[in-house]
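Scroll down for the structure; my scribbles are underneath it.
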Amino acid sequence: MRSRMNVRIEPWSDADLALLYRLNAPEMLEHLGGPETEEQILARHKRYLEVGMKGTGRMFSIVLLPEFETVGNIGYWERIWQEETICEIGWGVLPPFQGRGIAAAAAAAALASAKAERKHRYIHAFPSADNPASNAICRKLGFSCIAECAFEYPPGNMMRCNEWRIDLYEKL
C-alpha cells in the first residue's frame, strides 16, 4: 500500500526480524522503556507475524521508495484500555530517516488499511508526553488529543502519555 510520499507499507514477514534488531536501539526506545532482550525481540516478531492471522490488527514494515530500503515499522492492534477493547496504532522509524515525514506517510497508509477493514471506528495512539515528534504526527494526521494519561508500556513500566484518537469514518 502506497502513501502520498514515496513510502510503501508491506505486511510483516519473517525477513523483518532484522529490522526489529535495528529498531531495538536505545535512541529508538528512549520513550518506550529502553531496549529489549533477545527473547523479547523474538517474542515481538512472533506477535507481529501472528496479529494479522488472528484478525486483531496488522503489522507492516515501512519501505522508502525508490530505494526499496526498509526504514521502520508501523501497525495497529487490539488492546484492552479502560476495560474496553480498542484499536491502537504505533510506529518507529530508524534515526537516519526521521524528520522527513516518513512516519506520517506510513501512518496515513496504515489508517487507510484499518479503515478498509471496517472493524473499528476509532484508532488510538499513546505517544509519550515527552515525545514531541510522535505527538506532532498525531496532530498532523487529524487525531484529537483526549487526555494525558498513565500508560503501562512495556509491562511493568508506567509512562506519561497523551491519548490521541481518530475517527476513521470521519477523518479519512
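Descriptive notes on the structure:
- Odd one out for Ser128 among (1) touching a strand residue (DSSP E or B) at 6+ places or on another chain (Cβ under 6 Å); (2) touching a residue at least 60 places away in the same chain (Cβ under 8 Å); (3) more than 28 Å from Thr37 (Cβ to Cβ): (3)
- Qualifying residue in region 136-155 (condition: in contact with a Phe, Trp or Tyr (Cβ under 9 Å, 6 or more places away or on another chain), small (Gly, Ala, Ser) and not in a loop (DSSP other than H, G, I, E, B)): yes
- Of the criteria (1) within 14 Å of the chain's Cα centre (by Cα); (2) closer than 23 Å to Ile102 by Cα, which one Thr70 fails: (1)
- Within region 18-40, tally of residues that are surrounded by 16 or more Cβ atoms within 10 Å (Cβ to Cβ), under 16 Å from the mean Cα position of the chain (by Cα) and either at pLDDT below 75 or farther than 13 Å from Val93 by Cα (or both): 4
- Any hit, region 95-108, residues being β-branched (Val, Ile, Thr), within 16 Å of Pro11 (Cα to Cα) and surrounded by 15 or more Cβ atoms within 10 Å (Cβ to Cβ): no
- When region 106-143 is filtered for residues that are hydroxyl-bearing (Ser, Thr, Tyr) and more than 20 Å from Gly72 (Cα to Cα), only Tyr122 remains.
Here's the yes/no breakdown for (1) closer than 15 Å to Gly92 by Cβ; (2) under 13 Å from the mean Cα position of the chain (by Cα):
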{"residue": "Ala108", "(1), (2)": "no, yes"}
{"residue": "Ala112", "(1), (2)": "no, no"}
{"residue": "Lys119", "(1), (2)": "no, no"}
{"residue": "Phe126", "(1), (2)": "yes, yes"}
{"residue": "Asn131", "(1), (2)": "yes, no"}
{"residue": "Lys140", "(1), (2)": "no, no"}
{"residue": "Cys145", "(1), (2)": "no, no"}
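- Screening Ala133 with (1) small (Gly, Ala, Ser); (2) under 22 Å from Pro35 (Cβ atoms); (3) buried (at least 16 other Cβ atoms within 10 Å of the Cβ) gives one miss only, at (3).
- Region 113-129, subset outside any loop (DSSP other than H, G, I, E, B) and touching a Ser or Thr at 6+ places or on another chain (Cβ under 8 Å), residue surrounded by the most Cβ atoms within 10 Å (Cβ to Cβ): Ala125
The values are calculated or read from the model by the stated rules, or taken from the named source; none is laboratory data. Just so it is clear, the model here is predicted, and its values are computed rather than measured. As a convention, Cβ positions derive from the backbone with ideal geometry for all residues, glycine included, and neighbour counts pool all protein chains shown.
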